[in-house]
Amino acid sequence: MTSRDEVVALDKRRVWHPYTPMRQYVEEGSPLVVSRAEGARIWDADGRSFIDGNASWWTAALGHRHPRLIARLQRQSEQLCHVAFAGVTHEPAATLAEALAEVAPEGLGHVFFSDDGSTAVEVALKLSLQKHHNEGRPDKTGFVALVDAFHGETLGVTGLGGVEVFRRPFSKATLPCHHVPRPPADERDPAFEVAVAALAETLEQHGSTIAAVVLEPCVQGAAGMRLYAPSYLRACRRLCDEHDVLMIADEVFTGYGRTGSMWACAHAGVSPDMLCTAKAFTGGVLPMAATLTNDRVFDAFLGEKSRAFYYGHTFCGHALGAAVAHEVLSVFRDEAILEHAKPKAALIAETFARLGAREGMKDGRALGMIGAVDFATDAGYLGDHGWRVYDEALRRGAYLRPLGDTVYVTPPLNIPDDELRCLLDIVEASVEAVRTEGGSPSRPWRLE
Ligand SMILES: *Cc1c(COP(=O)(O)O)cnc(C)c1O
């Protein structure tokens, strides 16, 4: 066995980490070395355990290593792991697609598989461009996204992203995109009508060159858990229809019950033309994703061979991933995950409302199994209060990944009640420590 220190030494010599200033990391970083995970907990190499307050980048919706997912993975691995998926199919993919269509918002009956959230959105962008192209409107090549949007990492979706630090180095090489204001959380706030009017005006002026509006329904995750009024989605649906623009819902974070219903679009009773899902899609077990479309999109690719979608990733429809993803849907149903999450969500909402009312804090908010609060600073994503809370929480036994000065939890949906109470107590105590005493010194290498 390699010791913890040896792992860190090898890592620092060779590994380039995501979202990490590497010099600061190598000189001062003291990474968690995780050796095991189960349920809502992860264990480090020294045997200490931590509650996983963010379900490992929002993926482990059913907790780590759910026994049914592991059993399904083992069974499938004895039959077939992967096979090319063009002109070939298999039971795991076909039955998963059927099960997905059954739980999807109305009309989303076609499933295109890919690997992760970014590729699921990338697929949606390309589909929207080619749909218009196939129908004789090749000038529809632009996109509309919300300010502060986050849609992933590929060059295609980078232009849609609104988080300035992520986008800046690439901004001259990205797709054309109009960014419109994010509506407020309360539809009675005058800013709501302003946001709807801005979208209407953008489509009015540029609709003939716009392929699609892309949005994270109801909550922008990476921007700092920013909630907005669901009725905006209805306005968006209506405006998209008026201007022959497709509506793409990026439910990579919000899907699978994170916001309290299976899909965030359901809060508004809206069906988009396409829906992207990843993250919790395989319960965090394997990288796999899907883009769902309605007939209006699918039918535009029928007819002449040249109208087909000549696109596909090598691991499309991965059999292991598909088998596990199907089991995820069965567990959601059999264990009534959404129903059992309701009282847990109420506990999260109470805690974060209380935290938001403390001096020096603001905007305590919650939606489903998401709770968030901000330090009342102006530092945004590069603020370090959240990282001080991270340090305090680790000492107390929880792993919380902040977004700058935003502290949030997105635990597994089935986190046991006692573990959830423990997590929320740690969040309160850690925020309190930073709020009143400043917490531990900031670590500049964690400026992710
Ligand atoms: C995480 C995320 C993505 C990107 O997913 P990856 O699996 O990291 O490629 C896209 N959209 C949203 C809303 C996300 O939260």
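Any read-out appearing in this document is the output of simple, stated calculations on the displayed coordinates, not a laboratory observation. Everything numeric here is computed off the predicted structure, so don't read it as measured data. Please note: Cβ atoms are built from the backbone with ideal geometry, for glycine as well, and neighbour counts cover all protein chains shown.
In the elastic network of the chain, a GNM with C-alpha springs shorter than 10 Å, the most mobile of Asn294, Asn54, Asn134 is Asn134. Quick check on region 163-232: take the gyration tensor over C-alpha atoms, sort the square-rooted eigenvalues as a ≥ b ≥ c, and tell me if it's rounded (a/c under 1.5), prolate or oblate. Note, shape of region 163-232 comes out oblate. Amide hydrogen proximity for Val180: with H placed 1.01 Å from N in the peptide plane, the residues at 5 or more positions away or on another chain lying under 5 Å are Ala145, Leu146, Val147.
So if I place +1 on the C-beta of Lys and Arg and -1 on the C-beta of Asp and Glu, and nothing else carries charge, what would the dipole magnitude of region 55-189 be about its Cα centre? I want it in debye, nearest 20. Intermediate values should be presented prior to the final figure.
On the way: 13 positive and 16 negative charges, 63 e Å.
Approximately 300 debye in magnitude.
Note on region 78-163: Rg/Rh from C-alpha atoms, Kirkwood Rh, equals 1.03.
Dimensions of the chain along the principal axes, based on C-alpha atoms and rounded to the nearest Å, stand at 64, 58, 44, largest first. Across the alpha-carbon atoms of region 120-193, the computed radius of gyration and Dmax are 14.3, 41 angstrom.
Rounded to the nearest angstrom and ordered from largest down, what semi-axes does the equivalent ellipsoid of region 181-338 get from its C-alpha gyration tensor (root of 5λ)? Intermediate results must be reported in sequence, preceding the final value.
On the way: eigenvalues 162, 110, 29 Å².
Value: 28, 23, 12 Å, ordered largest first.
Taking the centroid of alpha carbons for each part, region 98-153 and region 159-187 are 17 Å apart.
Close amide H pairs (under 5 Å, H built 1.01 Å from N) link Ser114 with Ala289, Ala290, Thr291, Gly317, residues at least 5 positions away or on another chain.
Summary of packing: across the peptides 67-77, 10-20, 193-203, 317-327, the per-residue average of other C-beta atoms within 10 Å ranks them, highest first, as 317-327, 193-203, 67-77, 10-20.
For the chain, which DSSP H helices look membrane-span-like by this rule: Cα extent along the axis of 27 Å or more and mean Kyte-Doolittle of at least -1.0? Passing helices, by number: 337-356, 417-437.
A straight Cα-to-Cα reach below 29 Å connects Lys12 with the lysines Lys279, residues fewer than 8 places away in its own chain not being considered. Based on DSSP H segments of at least four residues, each scored -39500 (n - 2.57), the chain has a per-residue ellipticity at 222 nm of -12000 deg cm²/dmol.
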